[in-house]
Every structure is written in C-alpha cells, then in structure tokens.
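Notes follow once the structure below has been shown.
The values are calculated or read from the model by the stated rules, or taken from the named source; none is laboratory data. None of these values were measured; they are calculated from a predicted model. All Cβ positions, even for glycine, are placed from backbone atoms using ideal geometry, and neighbour counts span all protein chains on display. We work out accessible area using only protein heavy atoms, side chains counted, and drop any ligands, DNA or RNA first. Shrake-Rupley method; radii C 1.70, N 1.55, O 1.52, S 1.80 Å.
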Amino acid sequence: MRKREEGRLRRSGRTKLPKWRGILAACGGIALAFLTYFFFLNWSVAKNFEGTSALLKSDILALQLDNPNLASLKESQAHVLSQLYQEQETSALQLPSTKSAIAKAIQIANQVSQEIDLRYKSSPGGSGSASPSSSSASTQNRTQITQQRQNEADNQQKLNTLLSSNTQNPSSTADSSTAVPQSQKVTKPW
C-alpha cells in the first residue's frame, strides 16, 4: 500500500518530503532572508552615512570661514543630527565599524552644533533676537566666567612665583622660617 501511494505521488509530480527536510528548508529560507535583510540594511546605512558625513564635513568647513551664515548652518546641523539619529536606530543590526563611526559622527555633530549656537548667540543678529532679561543674564554669566578665569590666572601666577622662588633656594627642604634669602647669604673667602 505504501508503494502504491509513493508511486501515485511520483506520477502526479509531488513527492512527500520527510518532516526534518521540510523544517530544515524552512529554517534555511528564514536564515537566508535574515542575512539578505542584514546586508541590505548595512549597505543602506553605509550609503546614507556617506552622504550625512559629507554634509557634516561641509558644515565644519563653512564654520571655519570668517563670516559663515549661522542660520543656514544651524538648519543644516539639525538635519545632519536627525539623519545620524535615524541611522543609529538600527544599531543592533549594524556592523561594529558602522556603529562606532555613527556614534563618533554624532559626537562631532553635537560639538559643531554647540559651536554654532555659541557663535549665533554672540553674533549681533543672534543677541538682538534675545529678550532683554536673557541678554542681561548672558552678560552677567560672561562677567562671572571672566572673573573666574582671572582668579584662576592669578592663582596660577602665585603658584608659579612660589615654585620659582622655591627652586632658586637650594635649601628647599628647610622650612620657610629658617630659609635665608639669597641677598643675605655670606660668601666665604676660601
């Protein structure tokens, strides 16, 4: 009876596969589909990243000019950052080199955006758009930062003076009460 059934299936063009072969074929198909998706995704992200990094490089070069158009650079950087964050969304399926390159580009783009914001706020057009209260707060902030830097410079100068006077005195291990200044040292004739 089994031979008859196999003969009938062969004549009809259908052959019955064992279960393990069917399962193996299904797993192979799923694995092939996943690998295809993985490589296509990485290729697509790499292509997009090339364009985004080229735009980031052009923004960096434009920022180095004497009078860059800060408003257009700000818009461009917003676009660059959104593109980079979109590319980072699939980081679980990305190659490690692509993942690290995108992370580094995001870090650089954030720094460029901060620099653009600082220049935009300090430019005449950027500060004019701010409200008077935020403008006075910004001026007060700058004054505090300048004062703090001046204090740090003064402290550094005092430290340098102390270090230089200590290295000129040969008895640097002696305490300051027993140290004799250079002008009061007596030279011996022998």
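Annotations
- Hey, L61 of a type in the set (A, V, I, L, M, F, W, C), open to solvent by less than 80 Å² (accessible area, probe 1.4 Å), in a helix (DSSP H, G or I) and modelled with pLDDT of 85 or more or not: no
- Options L32, L73; residue that is modelled with pLDDT of 90 or more and either part of a loop (DSSP other than H, G, I, E, B) or not polar (S, T, N, Q) (or both): L32
- Some residue of the range 43-51 being surrounded by 11 or more Cβ atoms within 10 Å (Cβ to Cβ) and touching a Leu at 6+ places or on another chain (Cβ under 6 Å): no
- Number of positions in the range 83-105 that are of a type in the set (A, V, I, L, M, F, W, C) and buried (at least 18 other Cβ atoms within 10 Å of the Cβ): 3
- Count of the range 49-61 residues which are touching a helix residue (DSSP H, G or I) at 6+ places or on another chain (Cβ under 6 Å) and without any contact (Cβ under 8 Å) to a residue 40 or more places away in the chain: 1
- All conditions but one from (1) in a helix (DSSP H, G or I); (2) open to solvent by less than 50 Å² (accessible area, probe 1.4 Å); (3) at pLDDT 70 or above apply to P68; the one that does not is (1).
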